[in-house]
Amino acid sequence: MKIAKQDMIVIVGAGLFQLKAIEEAQKLGLRVLAVDRDPQAPGSMTADFFAAVSTRDMAGIIDVVRDYQERFHVRGIMTAG
């Protein structure tokens, strides 16, 4: 798959368990939007974009993703644990 500058992945959670996933996605050339209720989560500083939304708030995550879809092609949503 050829990755374009506007390609994005959403990672649910920005804690220590998700940090490696954020970094690996960036190495592949993807923009990363991380969502986590904790604005001080380790991945909040590493991700290209961050939204302070609880990982249990499905509607809130969907709203954030829809906002980013106006500027980016969201390729997928994942988490790691």
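The values are calculated or read from the model by the stated rules, or taken from the named source; none is laboratory data. Keep in mind that this is a model prediction, so the values were computed, not measured. Reconstructed Cβ throughout: ideal geometry from the backbone, glycine too, with neighbour counts over all protein chains shown. Remember, those area values only see protein heavy atoms, side chains included, never the ligands or the DNA or RNA. Shrake-Rupley method; radii C 1.70, N 1.55, O 1.52, S 1.80 Å.
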Looking only at region 48-78, which residues are over 16 Å from Gln6 (Cβ atoms), of a type in the set (A, V, I, L, M) and either in contact with a Lys or Arg (Cβ under 8 Å, 6 or more places away or on another chain) or not in a helix (DSSP H, G or I) (or both)? Ala51, Ala52, Val53, Ile77, Met78
Free of Cβ contacts under 8 Å to residues at least 40 places away in the same chain and over 16 Å from Gly81 (Cα atoms) - does that describe any residue in region 11-24? no
Take Gln40 and decide whether it is in a helix (DSSP H, G or I) and open to solvent by 20 Å² or more (accessible area, probe 1.4 Å). no
What number of residues within region 2-28 are in a loop (DSSP other than H, G, I, E, B) and open to solvent by less than 10 Å² (accessible area, probe 1.4 Å)? 2
